[in-house]
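To keep things clear, I will list the structure first and then write my remarks on it.
The values are calculated or read from the model by the stated rules, or taken from the named source; none is laboratory data. Computed from a predicted structure; not experimentally measured. Here the Cβ positions follow ideal geometry from the backbone for every residue, glycine too, while neighbour counts run over all protein chains shown. Accessible surface areas use protein heavy atoms only, side chains included; no ligands, DNA or RNA. Shrake-Rupley method; radii C 1.70, N 1.55, O 1.52, S 1.80 Å.
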Amino acid sequence: MTLPIDPSQISPDDIGEAEATLEMDHEEAIEHVREVFTNAGFGIPVEFSPSEMLNEKVDAGRDPYYVLGACNPAVAEKALDATDNKLGALMPCNVVIWEESPGTQHVYHVSIMRIGRLVGMAPDDEEMADIVAETGELVDDAFENL
């Protein structure tokens, strides 16, 4: 299978990549990120620990790794309408927290709205551009407060 886009040509801005480093323990970082994203207008309908599951099921020995599935309901509604419900396959917007070393956590996010446009799940029109901008502002607000 040939990819329809060249991944080496995609910049962090193209996918709305956001990153931060937090100097705190893993559980404290999860609580902090959850609170900051909630304050920025996101709900957290889904959350789970892939590291716990993998360590339990396949004895992976993974360091702490946690996923918060963040969703702004008003923006999600617009995105579903603008994409004939297709963008729902990428929801919620995940914010990942992993332990780089004890006391140092990395927070990572990419924009499903931007990725949806890149892969053709979302239209490249003004309505979707407005949705991308709105979610980008919400995520920027959250990352500024981490």
So how many Å³ per residue does the convex hull of the Cα atoms of segment 1-60 work out to? 199 Å³
Using a 1.4 Å probe, what is the accessible area per residue for the chain, in Å²? 57 Å²
Tally up the carbon and sulfur contribution to the accessible surface of the chain as a whole percent, 1.4 Å probe, everything protein left in place. 49 percent
What FRET efficiency do you get for residue 133 and residue 24 if R0 is 25 Å and r is their Cβ-Cβ distance, rounded to the nearest 0.05? 0.20
For residue 145 and residue 85, compute 0.36 nm times the residue count separating them, minus their Cα-Cα distance, and round to one decimal in nm. 18.5 nm
Neighbour net charge for residue 14 - beta-carbon separation under 13 angstrom, K R +1, D E -1: -2
Relative to the Cα centre, what is the charge dipole magnitude of segment 1-140, using +1 at the beta carbon of each Lys and Arg, -1 at the beta carbon of each Asp and Glu, and rounding to the nearest 20 debye? 440 debye
Could you compute how much accessible surface residue 78 exposes when probed at 1.4 Å, giving the result in Å² to the nearest 10? 90 Å²
I'd like the distance between the alpha-carbon centres of segment 107-146 and segment 20-76, rounded to an integer number of Å. 19 Å
Could you work out, for segment 31-93, what percent of all Cα-Cα pairs fall into each 5 Å distance bin, beginning at 0 Å and stopping at the bin that holds the largest distance? 4, 17, 20, 16, 15, 13, 9, 5, 1
Let me check the size of the chain from its C-alpha atoms; what are the radius of gyration and Dmax in Å? 16.0, 48
So, relative contact order of segment 78-146 in percent, Cα under 8 Å, 6 or more apart, is 29 percent
How big is the Rg/Rh ratio for segment 62-107, C-alpha atoms only, Rh by Kirkwood, two decimals? 1.20
Which whole-number percent gives the relative contact order of the chain, counting Cα pairs below 8 Å spaced six or more residues apart? 31 percent
Looking at segment 81-146, what % of the alpha carbon pairs are farther apart than 21 Å? 33 percent
